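To keep things clear, I will list the structure first and then write my remarks on it.
The values are calculated or read from the model by the stated rules, or taken from the named source; none is laboratory data. Source: prediction; values computed, not measured. Note that each Cβ is placed from the backbone with ideal geometry, even for glycine, and that neighbours are counted across all protein chains shown.
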Amino acid sequence: MSRRSKTLEMPPLRRSGTGPLHLLVDSTGLKLSGAGEWLVEKHGTSRRRSWRKLHLGLDAESGEILAIELTKKEIDDAAQSGALLDQITDPIASFTADGAYDQDRVYETVAARHPDAAVIVPPRSTAVPSAAAETAPTQRDRHIQEIVERGRMGWQKSSGYNLRAKVEAAISRYKRVIGDALRSRTDETEATEVAIAAAALNRMLEFGRPNYVRIA
């Protein structure tokens, strides 16, 4: 990457569509490339591989990446919910993520920015209703109750959680098109690198995108 990428300001990611935004969130790991990788390939030496964690926020309707954060690998996924939401300018109808986001702070973070948004996160298998579940159930309480009544698969279907497969597909597309490693060597240029990658993938969607048709 050019050294100028350290100071390059990328424009914020924006969605092309309108209407309710259903945000899908997930994360993945990206390896760090560099001179050490060449030594491993040439001499067969082994070393502890370093990597970063890429957090994505995706528009469920268009498949566009609307928010990105790059952190150290130790950073908890749920801790980045606010940083991703702060990049979204449109009202959010729902926030969908996997069980790693089953934390009170995620519900609180979404409610603080989008009070009417649904939070669709599967409660962990050991989850129990809150003390106020009988009188003032939370969204999480309602998820737990529906799982008890309909089973986890039934809840996934009725809640729309299955849409989360689209963000997994987007991560797969990122790694197939862009690659699974970062070429930059500083925090600033790494952030610029993933921002450019996200913008490029969104631009590709402008030329055509897959159409999903249920056949069974």
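List, please: which pairs have Cβ atoms under 7 Å, are six or more places apart or on different chains, and start with a residue in region 115-141 that is of a type in the set (Lys, Arg) and end with one that is part of a loop (DSSP other than H, G, I, E, B) and modelled with pLDDT of 95 or more?
Sorted first by the residue in region 115-141, then by its partner, the pairs are Arg124/Asp102; Arg140/Pro123.
Here are Arg152, Arg164: which of them is buried (at least 16 other Cβ atoms within 10 Å of the Cβ) and of a type outside the set (Gly, Ala, Ser)?
Details: Arg152 fails: buried (at least 16 other Cβ atoms within 10 Å of the Cβ).
Selected residue: Arg164, the only one of Arg152, Arg164 that is buried (at least 16 other Cβ atoms within 10 Å of the Cβ) and of a type outside the set (Gly, Ala, Ser).
Hey, can you tell me all the residues within region 84-112 that are aliphatic (A, V, I, L, M), part of a helix (DSSP H, G or I), over 13 Å from the mean Cα position of the chain (by Cα) and surrounded by fewer than 18 Cβ atoms within 10 Å (Cβ to Cβ)?
Scanning region 84-112 gives Ala111, Ala112.
Across region 48-83, what is the total count of residues that are more than 14 Å from the chain's Cα centre (by Cα) and assigned to a loop (DSSP other than H, G, I, E, B)?
7
Here are some conditions: (1) part of a helix (DSSP H, G or I); (2) within 15 Å of the chain's Cα centre (by Cα). Glu146 meets all but one. Which one does it not meet?
All conditions pass for Glu146, except number (2).
Given the criterion at pLDDT below 95, over 21 Å from Ser62 (Cα atoms) and exposed (fewer than 12 other Cβ atoms within 10 Å of the Cβ), identify the matching residue among Ala216, Ala181.
Values: Ala181 fails: exposed (fewer than 12 other Cβ atoms within 10 Å of the Cβ).
Exactly one of Ala216, Ala181 is at pLDDT below 95, over 21 Å from Ser62 (Cα atoms) and exposed (fewer than 12 other Cβ atoms within 10 Å of the Cβ), namely Ala216.
Just wondering, is there one or more residues in region 184-201 that are touching a strand residue (DSSP E or B) at 6+ places or on another chain (Cβ under 7 Å) and of a type in the set (Ser, Thr, Tyr)?
no
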